[in-house]
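Asker: Take this structure, written in structure tokens, and hold onto it; I'll ask about it next.
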Amino acid sequence: MKMTQAVRTVMRQLGNELLVTANGRISREAFSLKDRSENFYMIGSMGLASSIALGLALNRPERKVVILDGDGNLLMGLGILAQVGALLPKNLIHIVLDNGVYGSTGNQPTISSQVRLENIAKSSGYPVVVKVTERGAFETTLKRCLKTSGPSFMLAKIKPDNMADSLGRVAHGPLEIKKRFMDSIDREERHR
Ligand SMILES: Cc1ncc(C[n+]2csc(CCOP(=O)(O)OP(=O)(O)O)c2C)c(N)n1
Ligand SMILES: [Mg+2]
């Protein structure tokens, strides 16, 4: 499975879930495939999409919050797994797109092949932990995770991409991303 295929699968399945995307290529893929005000693209801060999503999930327990994380991002801030495992927000779905590299900066290898991220998530307390490699399994597992109580952790092993292909950058600035994201949450709350 390629990153584009994985991100497309996620974007197709999303309804009104809040989505927080890791910096670099993952945000750019999500933006290119389906820009929506419920997407919070973490443009600069590597490792922190998951922390932002945890804060959101705790403060908006009525909303499902999906994280699209990268292996480099997660390895940089592994403490988030313990924090989620301790706080157990039922509405959090943590997807890690593990291509084994820092794809956004030129495919330098990460150490993800030497670390069992799914085991760390499990022992940290995530009640639902799944590792997938095939596109079909990714699709069905995601469907299940979006319906069931979490927090769930999905480790998707994907292929590293060729950096030569052209992928647009997120066209919105950070303040604009924040404002429209917050507005979309407020709008939904007013309609309840
Ligand atoms: C603190 C910090 N170090 C380095 C970078 C540069 N950087 C941006 S994205 C990225 C790679 C992220 O790797 P991963 O999470 O595996 O996602 P991928 O690029 O493979 O999709 C790096 C090193 C950064 N933005 N911040
Ligand atoms: Mg990576």
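The values are calculated or read from the model by the stated rules, or taken from the named source; none is laboratory data. Everything numeric in this text was worked out from a predicted model, so none of it was measured. Every residue, glycine among them, receives a Cβ derived from its backbone with ideal geometry; neighbour counts consider all protein chains shown. Ligands, DNA and RNA are stripped out before the accessible areas are found, and what is left, the full protein with its side chains, is counted by its heavy atoms. Shrake-Rupley method; radii C 1.70, N 1.55, O 1.52, S 1.80 Å.
Asker: State whether the residues of region 136-143 include one that is away from ligand 1 (no atom under 16 Å from the Cβ), basic (Lys, Arg) and open to solvent by 80 Å² or more (accessible area, probe 1.4 Å).
Answerer: yes
Asker: Can you tell me which residue among 169, 192 is of a type in the set (D, E, K, R), part of a loop (DSSP other than H, G, I, E, B) and within 17 Å of residue 38 (Cβ to Cβ)?
Answerer: None of the others qualify; the one that does is 192.
Asker: Could you tell me which numbered condition residue 109 fails, if it satisfies all but one of (1) in contact with a strand residue (DSSP E or B) (Cβ under 7 Å, 6 or more places away or on another chain); (2) touching a residue at least 24 places away in the same chain (Cβ under 8 Å)?
Answerer: (2)
Asker: Could you list, in sequence order, all residues of region 105-132 that are open to solvent by 70 Å² or more (accessible area, probe 1.4 Å) and not in a helix (DSSP H, G or I)?
Answerer: Initial filter on region 105-132 (open to solvent by 70 Å² or more (accessible area, probe 1.4 Å)): 105, 108-109, 111, 113-114, 116, 119, 122-123, 127, 131.
Listed by number, the residues that qualify are 108, 109, 111, 116, 127, 131.
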